[in-house]
Structures are given as C-alpha cells and as structure tokens.
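To start, the structure itself, in structure tokens.
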Amino acid sequence: MDEILVLLFAAVALIGALGTYLQRDRFDKLIALGIVYGGIVPFIAARGYLDVLIAVSLIVPITTIIVLPLCRRDTRDA
Amino acid sequence: MTPEFILGCIILIIGVIAAGFPREKTYLSRLINLEIPAFGLLLIMLAYDEMLALLTFIGVTAISTFVLVRAIERREAAE
Amino acid sequence: MIAIYIVAAIAVFAVVRATVEKNTGRKLPYVNVMNFAVAGAVVLLIGHPLALVAAAAYFVGSTLEANAIASTYAGGERRG
C-alpha cells in the first residue's frame, strides 16, 4: 500500500467522518457511517489481518441494523 | 508514525467533537455520532498490532450500542 | 498495477458524489458503487486466498446494511 492509495482511502474515511458530523437527516448520517466503514476496511486488509476483517465485516452491519428501528419511530417528511 | 495511527487520531478527534457537540441535540444523533470515535480507536489499535483487543473492542461496541438503543427506547416510551 | 489506483479513484469519486447529493434515496446507489470498489481493492491489495473470503464477507455485510437502510427509508414493514 503506497502513498497514493493511503491518501485516497484516507480521503474516503475523512469525507465519511465529516459527513456524519455535518449532515442533519438521520438516514444520511447512517449512510455516511457506512462510508467511514468502507474507508477503514482497506487499512485492515493492508496490515494482513484477514480474520479480523471477516469478523469486523460481520459485526459492523449488525450494529447499524440495531440502530435502525429507532430511526423509523416518527414519520419522515415524504 | 504509521498512516493508520495518524488517520485514527484525526477520526478520533472528529468523532469526539461530534459526540460531544452534535449539531442536533437528540439522543439518536449522539448515538450515531458515538460510532465515529469507535472506528478511530479501531485504527489506532490496528497501528499497534493489537489484534485481540481489536476483536474484543468491536464486539463490546456492538453490545453497548444494543444496550443504549434499549435505554433510549425506554426513555422515549416513558415520556 | 494500474487497476488498484483506478478502483481507489472510483471509490473517492463515488464518496464525493454521494456526499454532495441532496436526495437520500439517490445517495444509496453511489454508496453501492463505493462498496464494489472497496471489495475490489481488498482483493487487489493482497494476493492471499483468504482475501477472497474476506472480500465476500465485506460485500455481503455492506450490501445487507445498505438494503436495510433503504428498506427502512422506504417505509418497510410496520411494527406495532
């Protein structure tokens, strides 16, 4: 993993983190959280921890799905 | 100073600011923002090659999110 | 190996495009593009056979997450 790839995937993770902070809609925040997760996965793969990557890939979506029933509590506007 | 460590510190600082001072002061907004520093801390643990700590931290984060969702549901049902 | 740079550039483009999009429903296809690109980058980064399983696990997990968000956003099944 050379410098160009580090910069590109770090840009993905940073845009996701700033997007999660700045956006107001709850679904937009969850989508941006998925972008953060996509940005850090290549860093785990580049260190060679493939078993950790498999475990993280199965646990992080479950965390999002746990949060989702809170999101549909009140009706969204069209 | 590996790139994982620097990126993890930046994401951790952004996440701490986001969880401490959210733009919309609701429970759900804070709960979603609370997962950003979890990813930053994951990258810092990755930079120090702490594999077992990383797996345990991810599992505990999922369980604590479940507990917090239950607590928020109780709080909103009581109001 | 020019392929992985192209894949990473596609990921960055999709993320920028998904962030500046206003409509929530239109964000999700760009997030799917980023998921494809990251799954491809995981396989291209390391030439280990387990990398295929890891990329498949990431792909399944992220697709499940995006579909759950889309289903809840569209109304989904009402509970209670």
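Within segment C:30-40, being of a type in the set (Gly, Ala, Ser) and within 9 Å of chain A (Cβ to nearest Cβ) holds for C:Ala37, C:Ala39.
Evaluation of B:Ala47 against the conditions (1) within 14 Å of the chain's Cα centre (by Cα); (2) more than 7 Å from chain A (Cβ to nearest Cβ); (3) touching a residue at least 24 places away in the same chain (Cβ under 8 Å) shows that the sole unmet condition is (1).
Restricting the search to segment A:28-48, which residues are crowded, with 19+ Cβ neighbours inside 10 Å and either within 10 Å of chain B (Cβ to nearest Cβ) or among the acidic types (Asp, Glu) (or both)? Within segment A:28-48, A:Asp28, A:Lys29, A:Leu30, A:Ala32, A:Leu33, A:Val36, A:Tyr37, A:Gly39, A:Ile40, A:Phe43, A:Ile44, A:Ala46 meet the criteria.
Taking segment C:41-55 as the range and being more than 7 Å from chain A (Cβ to nearest Cβ), over 12 Å from the mean Cα position of the chain (by Cα) and assigned to a helix (DSSP H, G or I) as the test, the residues that pass are C:Val43, C:Leu44, C:Pro49, C:Leu52.
When you check B:Leu54 against the structure, is it touching a residue at least 24 places away in the same chain (Cβ under 8 Å) and part of a helix (DSSP H, G or I), yes or no? Against the criterion (touching a residue at least 24 places away in the same chain (Cβ under 8 Å) and part of a helix (DSSP H, G or I)), B:Leu54 does not qualify.
It is to be established whether one or more residues within segment B:12-33 are of a type in the set (Val, Ile, Thr), more than 7 Å from chain A (Cβ to nearest Cβ) and within 26 Å of A:Ala45 (Cβ to Cβ). Yes: segment B:12-33 contains one or more residues that are of a type in the set (Val, Ile, Thr), more than 7 Å from chain A (Cβ to nearest Cβ) and within 26 Å of A:Ala45 (Cβ to Cβ).
Does B:Ala38 qualify as being at pLDDT 90 or above, within 7 Å of chain A (Cβ to nearest Cβ) and in a helix (DSSP H, G or I)?
On the way: at pLDDT 90 or above: yes; within 7 Å of chain A (Cβ to nearest Cβ): no; in a helix (DSSP H, G or I): yes.
Criteria not met by B:Ala38.
When residues in segment C:15-29 are screened for being at the interface with chain A (Cβ under 9 Å from one of its Cβ atoms) and under 16 Å from A:Phe9 (Cα atoms), 4 of them pass. Filtering C:Val16, C:Val31, C:Val38 for residues that are part of a helix (DSSP H, G or I) and either of a type outside the set (Val, Ile, Thr) or more than 11 Å from the chain's Cα centre (by Cα) (or both) leaves a single hit, C:Val16.
Yes or no, residue by residue, for (1) closer than 19 Å to B:Arg75 by Cα; (2) among the charged types (D, E, K, R):
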{"residue": "B:Ile13", "(1), (2)": "no, no"}
{"residue": "B:Val16", "(1), (2)": "no, no"}
{"residue": "B:Glu24", "(1), (2)": "yes, yes"}
{"residue": "B:Leu31", "(1), (2)": "yes, no"}
{"residue": "B:Leu34", "(1), (2)": "yes, no"}
{"residue": "B:Met45", "(1), (2)": "no, no"}
{"residue": "B:Tyr48", "(1), (2)": "no, no"}
{"residue": "B:Leu52", "(1), (2)": "no, no"}
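The values are calculated or read from the model by the stated rules, or taken from the named source; none is laboratory data. The shown structure was predicted, so the numbers you read here are calculated from the model rather than taken from an experiment. Note that we place each Cβ from the backbone using ideal geometry, even for glycine, and neighbour counts take in every protein chain shown.
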